[in-house]
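Working notes, beginning with the structure itself.
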Amino acid sequence: MTLTTTRRVALGALLAAPGLARAQGSYPNRSVRVINAYSPGGTADVVSRIVLAGLSARLGQQFVVENRPGAAGTVAAQAVARA
């Protein structure tokens, strides 16, 4: 399975997040909302929840997954842009 550039960047950001959060002390100071552009129950949803459960335990912060499927990712992209 090959990873696209976007997926590599996203995976790299997730893997780097614990080190960045540790360097900034108590950041994030509230729950983190993660927007998933795919349907609930799919592979991307399950994998993101597994990864975020590990990050939650490691960082001591709550991660909330919000599924926003539709329009080939445009709905999720608009939600991220508004945030």
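The values are calculated or read from the model by the stated rules, or taken from the named source; none is laboratory data. Since the model is a prediction, treat every value here as computed from it, not as a measurement. Heads up, the Cβs are rebuilt from the backbone with ideal geometry, glycines too, and the neighbour counts pull from every protein chain shown. Side chains are part of the model used for accessible areas, which takes the heavy atoms of the whole protein and leaves out ligands, DNA and RNA. Shrake-Rupley method; radii C 1.70, N 1.55, O 1.52, S 1.80 Å.
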Scanning segment 49-71 for residues that are part of a loop (DSSP other than H, G, I, E, B) and under 19 Å from Arg30 (Cβ atoms), which turns out least open to solvent (accessible area, probe 1.4 Å)?
-> Gln61
Residue check, Val32 at pLDDT 90 or above and among the aliphatic types (A, V, I, L, M) | no
Return the residue satisfying two criteria in turn: it lies in segment 34-43 and is of a type in the set (Gly, Ala, Ser) and free of Cβ contacts under 8 Å to residues at least 24 places away in the same chain, and of such residues it is most open to solvent (accessible area, probe 1.4 Å).
-> Gly41
Val46: passes all of (1) in contact (Cβ under 8 Å) with a residue 12 or more places away in the chain; (2) part of a helix (DSSP H, G or I) but (1)
Residues of segment 72-82 satisfying the condition of being open to solvent by 80 Å² or more (accessible area, probe 1.4 Å) and either under 19 Å from Thr43 (Cα atoms) or under 14 Å from the mean Cα position of the chain (by Cα) (or both) | Ala72, Val80
